[in-house]
Structure formats: structure tokens, C-alpha cells
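Asks: Can you read through this structure? Questions will come right after.
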Amino acid sequence: MINKSLKQLGEMLQTKQISSVELTQTYLDRIAQLNPEMNAFITVDPDKSLAQAKQADAMIATGKTTALTGIPIAQKDIFVAQGWRTTCASKMLENFIGPYDATVIQQFNQAGAVNLGKTNMDEFAMGSSNETSYFGKVQNPWDRSRVPGGSSGGSAAAVAARLCAAATGTDTGGSIRQPASLCGLSGLKPTYGLASRYGMIAFASSLDQAGPMARSCEDMALMMNVMVGYDERDSTSLNHPKEDYTRELGKPLNGLKIGLPKEYFSEGLDNNVATIVQAAIDEYRKLGAEIVDISLPNTRLSIPVYYVLAPAEASSNLSRYDGVRYGHRAKQYGDLMDMYCKTRAEGFGAEVKRRILIGTYVLSAGYYDAYYLQAQKIRRLIAQDFENAFKQCDVIMGPTAPSTAFKIGEKADDPISMYLQDIYTIAVNLAGLPGMSVPAGFSNNLPVGLQIIGNYFDEARMLNVGHAYQQVTDWHNRMPEGIA
Amino acid sequence: MSLNSQDIKRIAHLARIEVNDDEAQATLNKLTGIMALIEEMQAVNTEGIAPMSHSQDVTQRLREDQVTETNQRELYQSIAPSVEDGLYLVPKVIE
Amino acid sequence: MEWEVVIGLETHVQLQTQSKIFSGASTAFGAEPNTQACVVSLAMPGVLPVLNKQAVQCAIRFGLAIDAEIANRSVFARKNYFYPDLPKGYQISQYELPVVGKGHINIQVGSGEQAYEKNIRITRAHLEEDAGKSVHGAQQGMSGIDLNRAGTPLLEIVTEPDMRSAAEAVAYAKKLHELVQWIGICDGNMQEGSFRCDVNVSVRRKGEEKLGTRREIKNLNSFKFMQQAIEYETRWQIETLEDGGKIQQATVLFNPDTGETRAMRSKEEANDYRYFPDPDLLPLAISADDIDAVKQHMPELPEAMKQRFQSQYALPDYDANMLTSSRAVADYFVAVVAAGADAKLASNWVMGNVAAKLNLEEKSIAASPINPTQLAELIKRIQDGTISNNAAKQVFEAMWNGEGEVDSIIEAKGLKQVSDSGAIEAIVDEVLAANDAMIQEYKSGKDKAFNALVGQVMKASKGKANPAQVNEILKKKLS
């Protein structure tokens, strides 16, 4: 059961081989068994989930269903859900009960999916290892002493450990793709503006994008059909015609031009990872694709640009957490200023504070032009790199992360080496392009992800490119030991 | 540009985050490395390049002027740290 | 050496919209605290702003009214600072690219011989959101925060430092106050805070080019207080400088009870607002078509109407000016003329008796007990000779007090003029017979005597004789 795809589960539900309540209970039982150690979920609320499952069963009984009706989906705890505790993995929101539904939550509700619980993450999505969560680290199901990646580490671990059929993630600099890579699953960050950001707690508004995390590209296509859509409540949402993301699945890859950026195979890349990615490229050759060498010359600048833009936006986005209307307020304080300073000192973790300080600094008087404005300009250069590259190829491929999952604590004290985890993923967010990671093999029993970057709005083709590979390989179906 | 721990305290105050001297020093050590990384940007010639904030060339959508929200004070204030008579309470605001 | 005061204004005008600038919460005034604070007003995690079309159209209207350039692309920016009435920890405003650029407003200062006109340059006008309110005294040592007002659309209108006296500043503020109501973008209600002025004041020695250090008087919501505050502040700055002191740049509040200004404690530390473009909003594009669409619904502007009154009704400059000082007055006047009254007579009545009565009773013209049609009926009775000017004043009083319509009042009070020449001749004869001395004076060349005789005739007719006829008949008899 736990290895069934979304499509298979959907068929079983529609033909009443299993009820949504039974399926939901199966996952809830697995969570009860495995989560105390793995810590992939921050909040599980069986009553709420089962109530939704009952409704789904009623929908199925009347025949009014969608592909996801009755299927339990885990939601990253960054999506505000009405009546659900929504923490963003921060002490600041430890007791915050969502007063409304995020658009993404609403979309899954409308599709009849079951909210299985809220998954762990780096605090306010700031991190690449899930170690900054106020609610504790998450174990990588492939090696419990290692990180699952981040920030969507809980979602990644939950999917890999079969605690849910699929999960949502968000990706600001690689937060869907890197944990997908480190946990051996498929993850897609869509074109910026395709999925609504309404109710998705903001980290860096101009980069944040929600996307699916699942075992296969086919599953992700079904998730995309639910998650993507124009939202009047999000000014940055794109009014793009509705698409069926499964429509390209199964098409042959003959003539597909794959660009390999030389910058993605240079120093800093783990040798084993490089070998595995090359092997995956070879597989594509066999599938009829043509390989072209390309260059993305400004890749190295994406890290400094990102560490200006994201903290700048975050420093402002996180100003609302002031202890006045909701969230943590310090127990002891003197005047108003003291209440602010203590509330925020207590409510935010070290990494979040660090980024707020960087952001405050780069925006402060006299520095705006040198930092924020300069970063926005280089951002355009980075986007132009891709524009030029897509004149030569249909998709770009390379590693998702420079290495496999590292040990818990290994990089916790070294922010820069942590930031370098996202060297291959950040530029995609800066350009606003869709990016995807699919499992491509194992190095020392740890999963390695292949990154596939597409042109704007080319998600349907990208999903087929991943799907075609998943038809001839079984990396995505491998299951970690000790979770059965 | 080099930061010192006074800078950290000034920035932290702007951001309304209390830091003691030890924290300021520890933060300084980490931020110095990050700022050095950021400085790499300064070598790039960006003359004539327009800053980019959205990947698509899109403009602001306008909402019709209609009241769509109803009073939900009870729900919203159920998660507030301190309220009285419908007001959010804070230490006295001095003008 | 003489001192000169230099004044610039920043005015926050609440725009007339149903809903807030970035959300669908109501902007109605006076609701119970926080009942109009939606998730966006409260800055709940995850919420996003979407711009109100009506607010943008109000800004375009204003731009057209002051002959300003309207930006085809403007940008919303975040102004970051912490304050409990500012839920997001930043205010969405416009910084580098405002929606309205440079424009100008002409003001008239003073009255009578000293009156003069002046052109005040508008630097810019930009859209932004209002903050909430702090309510004091909720609990000992605590303030209560009401976010109903948070997110109400504002247009902030900034002038160049072009004003040189409190009178000029007040004249500008009044003119702007009228204008924003005239074009229907603001209700002008100053008690409810719909129109609030921040006044930048500095002084310098006459002849000096460099501006002195300015202090900003915040949140003045009455013209009287503005006058007092500027006068006090000017005196204070001059005295401080003359005593050898220095002016520190500061934000100050005016206390109407003491008539003094004092520096705000919350603004003591220098602010660093860390402006940057709001990544939650896209650039605001305004096309020529958008501007045309707004133009179609623009009312005639005061300046154009003034010129029309002069050419169409042959009104003097003074009349045209006064009648277009407010939209309501102009509308009233136009309605009186439309109902058949002579334009000059209508102008005299509107600016004279009507204005005096309204002033006395502190009423707006909209609340006048005499509507334009009624006033036109009264004027028509003067025009057709039914009543004299003096009698008309009595009728006006009676109408104001609700004693009925024009004709019934004339009837009831017996105010009809005597225009029967036979009757008038009889009275004239009587008067001439009894005033031989005056006749002699007149004949010896004293014109005054003629007026005295007219007076006698009018008196004898109890004021009802048609004065023109009296004149005519008297002249004939004396020749």
C-alpha cells in the first residue's frame, strides 16, 4: 500500500478497494510509529485528518471526485491552514492557529485531498538541513544520522519514509530540490508566479515558490494540476492558462536537446555525485536526447546575490512578528521597545536572526545601491545567462546539490558551507525558472539527485523528461531500510 | 567595509532584536564571512542593466473597490497575546 | 535683520473608497475597534496586498487637477519601522517613483487691498496606506491598538517650501482641502482625520538663500491650529536663534490647549526606513487610455469654472473667485441661475445674504434652508419689480425661518411694490406740497435735496413705492 503511486491510490479509492479513512489511518499509524524519532511532522491532528477523509469518502460515494480525492497529502508547515497550528517551525508561531486557509491548502481541500499534517522545516524556511527548526532536527530516512536537507526537510523525509503519499514544499533557493535530492525523491519548483503565495508564510517574496514533492514525476504532475492556478489574492500570481501537467507524459524524448552547464561540473562537486549525474545523462542519450555544452557564466554570483536579496526581503517580511497581534510575546519586559526587542530575541532562532541582521544591514541608509540594487541588476545578468542557454537547448541538466546528505551537526556552525549547498539551485529562483530534482542513483547508499531546469512555463515537458527517465530506472522506487 | 560589534548592535536595534555583547561578537564573526562573500558582487560591472524583481514583464492587477471582508474580530483575537475591549494591548505608546 | 519663515506642507488625504487600499475590509469611520481589521489589515502571516482600483483613479484625478505628470509606471515601496499601529512593521508607500509628479496649485492670500495670488509648486503625490490608532488609557501603563484605519488609502501630497507665512500655508491648505473635495476624492472631514497636514517650518534671515534647519509639525487637523502652530513655531525658532541657540531637526506636536509645540519623544532617534520596492506588488502601469477614462468623469475644475463664470455670466473676477472657492457653493450658484435668476443678482445673494446666514449659523451650503430654486424665485420677484431689494431681504429672512414660499410671504407681509404711477404721483404731490424748502434747495443746485425728497416719498409709501418710478416722477415734477 505504502508504495503505491498517487494514480494507483486514486484508482483504489474510486473502485472502493480502500476508503480514504482507512488509507489516512494507515499513514497516521505509520506517523505514530516512526515520527517520534524521525520528526518529519511538527503537527498531526488525526481527528481533523480523519474528518476530511470521511468527507472524501462521501464525495467518492457520490462520484464527484478528482484525481486526489481521498489521498492524504502532508503540508509543509509554512502554509497557513484554518484551525491547524501553523508554526513555520518557529517558536514565534509555536501556538499560532491558522485563522484562514492558504490558497494551496484551499486547492487541495477543494480537490478532496486529506491534510495529513504539517511537516517540519527549517525555521521560516531559512536553512538547507532542517537543523534550524525550533521543533528539532529531522532524520534522513536513508541514514538517520544525516540531515534530510532543507528547508522542506520534513516533507522530504515524510515522502521518503512513506509517511505520506506526497507532500508540498516551498523553494526559495533550493528548498524543494535539495531535500528531494538528499532523500531520493522527486521535487519540482514551478515557474515563479504559477502557484499562489497567498497564505504561504513569506521568506523572500520575490523568490518563494510552492511545489510538489513526491516519489515520481507522474505523481508530481497530478499535484501540479491541483497546486497551479491564478490567484487574485496574490499580485505576483501569473494569469497563465490552466494546463494539464500530465499531458506530455509518455512522449518520446527523441531530439530533446539537453544543455550541460560547465559551471555545474566544476570544483566543489563531489566526485561520486558527478559520476552519477553523468551516468544519468548517458541514460538520456540512450533515450534519444542530444547533449550540448553550455555556459552559465554568472553562476558563482548567484550566492552573493541571493544572500543580499533573500535576507533583505526576509528582514522586512519578518517585522510583523512583534508580539502585538499574535505569536510569541516575551513574558517579562519593561516598555514597548523592550517588549519588541525581547519578543523577537526570544521568538527567532539564531539563523533567522542572522539573516534579519544581514537584510537590515544591506538595506540600511547608504547601502541600498551597493547591495540591494546591485544584486537586482546581477539578478538580471543571471536570468540572461539562462535566456541565452535556452537558445541552444530545451532543458538544462546538472547536479541538484554538490554532495549527498551530510551528518547532522556537520555544517551547523559554518553558515557559508551550508549556503554553498544551494550553489546549483539558487540561480533558478533568481531567474524565476522552473527547476526539478529526480533521483539518479546512490553514492555510499545515499541518494543523488539530477537537476532538470526548464524554460518558463515548460513544466509539462520537464515532467515528461523526468518521467521518461523513471520509466527506464528504478531509483525513485527504492525504499530506505528500517521503515517498513 | 568592515563591521564591528557596535555595528551589530546598531543593526540589531533597528531590527528590534535584543543582543548582548557576547551575542554581538559571535554574530559579528559569522556575518563578517558572509559579508565578504557578498562583496564579490562589487566587482561586477552592471552599468546599464535594469534591476530585476519579477521574471516576467508584468504589471500590477487592480482590485475592484468592494468590501469583501466581514467582522472576524473574535476569531482573530483568540490568538492574540493581550486584548481588552477589542483592542490589542501593548506597553504605553509614547508620542 | 528681518527674519523670513519658509514653509512646506505634506498633506495626508484619505481617499474616498469603500474598501482599503490593499484589501477588501471596509474603510467606514467609527466602527467598533478592530471589527474592520481583516487578515491583511492585521498582517497575519502569509497574507498579501492587492491594489484598489478606485485609489489609483483618485490619484489620477488629483494629478489631472493640479496639471501634473502622471507616471505611466510607478512603484510601491516598503517604509520599514516598528510601531504598534503599523502591523506589518512597514508601511506600503511610494518612494522613488510616485504616481503623481510635479504640479502646481494657485492660492489667493488675504482679502481686500492686500489680497494677492501665489503659485505653490507641488513636488509629488503618492499613494500609501494609513496606520491604525493607539488608544490611551485602556489600562494603566498600556495602550490599546485599533487597526480599523490600518490600510485606509491615502494620497500624500508634498509641496515645495514655497510658503512664506502662516497665512499662505493656511490659504494653501484650505485651497487643497476644497480641491480634493471638489474632485470627489476625499470627504474633507478634518475631525475624522480625512485631511491631515504635516507642516515643515524653518526660518532664515531675509535675503539668505540657504534654508534653515526645519522642524516638522505633525498631524494638524484644523486650519486654526495650523495658523497657531506655525505662528508659535516661527516665534520660537526666531527667539531660539536670537538667543544664540541652534535649531535641531525634529518632529513636533502642537498642543491646542497651551498653543505650544513640543518635540515628539518617539521620534528622537534618527529613523532609517530602509526603503525598498515591495516584492509583493508589481509596478503600477497607467496608460493614456486609463487617464482618458478618468478625465471623462472629471468635474469641471475650479479654475475653468471661474473663467466660464466670467465669460458666460459677465461676473467680475472677485465674484467668480468666491463662487468657485467650493464645489458646493459653485453648484448652488449654478442651480440658482439655471432656475432663471439673473447671474449677477444670484452672485450677490449667494455671496452676501446666504453666505452671511450660513456663517452665522455655522452651516454648510448643503444645509441651507433655502434651496437654489427658492432663491431663484425670490430674485425673479426683484427682477420683475414685484418687490424692492429691501423687501426682498425681509422675504429672505422669513423664508430662512421656514415661513413659506416667496409669493405667499410677499402677500402675507404686504411687501408688494407700488408701481401704479397714479398712486405714486399722488404721494409725490403730497410730499412736494409739504417740503417747499427742499424744493428751493434743489433748484438752487443742491442735488442732495433730491435724495431727501425721494426718501420722503419712500417713507410716505411705507417703502413700497417702486424707487425707479419715484425718481422718474419726481424729476418730471421738479423740472
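Asks: How many nm is it between the label spots at B:Glu95 and C:Glu239, if each spot is 7 Å from the Cα in line with the beta carbon?
Replies: 2.3
Asks: From the phi angles alone, apply the Karplus equation (6.51, -1.76, 1.60; θ = phi - 60°) to region C:308-319 and give each ³J(HN,Hα) in whole Hz, x where the residue is Gly or Pro.
Replies: Each residue's phi maps through the Karplus curve to give 5, 4, 5, 7, 6, 10, 6, 7, x, 3, 4, 4 Hz.
Asks: Could you give the length gained on full extension between C:Gln139 and C:Asp436, defined as 0.36 nm per residue of separation minus the Cα-Cα distance, in nm?
Replies: Between C:Gln139 and C:Asp436, full extension yields an extra 98.2 nm.
Asks: Okay, next question. Specify the longest stretch of chain C that does not include any exposed loop site, a site being one of the trypsin sites (Lys or Arg not before Pro) with a non-H, G, I, E, B DSSP assignment and at most 16 other Cβ atoms within 10 Å.
Replies: Between the exposed loop sites, the longest stretch runs C:247-362.
Asks: Using modelled backbone amide H atoms (1.01 Å from N, in-plane), which distant-in-sequence or interchain residues come within less than 5 Å of B:Tyr88's amide H?
Replies: Answer set, sorted by chain and number: C:Ile145.
Asks: By its C-alpha gyration tensor, with a ≥ b ≥ c as the square roots of the eigenvalues, how is region A:173-244 shaped: rounded for a/c under 1.5, else prolate for a/b larger than b/c, else oblate?
Replies: Oblate shape, in that a/c is at least 1.5 and b/c is the bigger or equal ratio.
Asks: Can you work out the PRE-style zone for A:Ala350? Point 7 Å along Cα to Cβ, and I want the residues of region A:420-442 with backbone N under 19 Å.
Replies: The answer is A:420-421, whose backbone nitrogens lie closer than 19 Å to the label point.
Asks: To continue, here is another question. So what J values fall out for region C:245-255 if you push phi through Karplus, 6.51 cos²θ - 1.76 cosθ + 1.60 with θ = phi - 60°, rounded to Hz, Gly and Pro as x?
Replies: So the J values, rounded to whole Hz, are x, 10, 8, 9, 4, 7, 9, 10, 10, 9, 9.
Asks: Given H placed 1.01 Å from N in the peptide plane, which residues other than close sequence neighbours of A:Lys76 have an amide H under 5 Å from its amide H?
Replies: A:Thr119, A:Thr168
Asks: Starting from the Cα-Cα distance between A:Thr275 and A:Asn388, subtract it from 0.36 nm times their residue separation and give me the gain in nm to one decimal.
Replies: So the chain would gain 38.0 nm between A:Thr275 and A:Asn388.
Asks: What list of ³J(HN,Hα) values in whole Hz, one per residue of region A:322-331 in order, does the Karplus curve 6.51 cos²θ - 1.76 cosθ + 1.60 (θ = phi - 60°) give from phi, with Gly and Pro shown as x?
Replies: 10, x, 8, 9, 6, x, 5, 10, 3, 6
Asks: Extending each Cα 7 Å along its Cβ direction at C:Trp400 and A:Asp29, get the distance between those two points in nm, one decimal.
Replies: 9.1
Asks: Amide H to amide H under 5 Å from C:Tyr81: which residues, 5+ apart in sequence or cross-chain, H placed 1.01 Å off N in plane?
Replies: Result for C:Tyr81 returns C:Tyr90, C:Gln91.
Asks: Which value in nm describes the separation of the simple spin-label points at C:Asn390 and A:Ala370, placed 7 Å from the Cα toward the beta carbon?
Replies: Distance between label points: 8.5 nm.
Asks: Does region C:302-403 classify as rounded, prolate or oblate by the C-alpha gyration tensor (a ≥ b ≥ c root eigenvalues; a/c under 1.5 gives rounded; else a/b over b/c gives prolate, otherwise oblate)?
Replies: It is oblate, given that a/c is not under 1.5 and a/b is not larger than b/c.
Asks: Could you tell me which of rounded, prolate or oblate describes region C:3-292, using a ≥ b ≥ c as the square roots of the eigenvalues of the alpha-carbon gyration tensor, with rounded for a/c under 1.5 and, failing that, prolate when a/b is larger than b/c and oblate otherwise?
Replies: Note, shape of region C:3-292 comes out oblate.
Asks: At a Förster distance of 56 Å, what's the computed FRET efficiency of C:Ser444 paired with C:Gln307, Cβ-Cβ distance as r, to 0.05?
Replies: Between C:Ser444 and C:Gln307 the formula returns 0.65.
Asks: A:Asn477 label point, 7 Å along Cα→Cβ, cut-off 16 Å on backbone N: hits in region A:1-44?
Replies: Answer for region A:1-44: A:1-9.
Quick note: the coordinates plus some simple rules give every number you see, no bench work behind them. Small disclaimer: the values here were computed from a predicted structure and weren't measured. Every residue, glycine among them, receives a Cβ derived from its backbone with ideal geometry; neighbour counts consider all protein chains shown.
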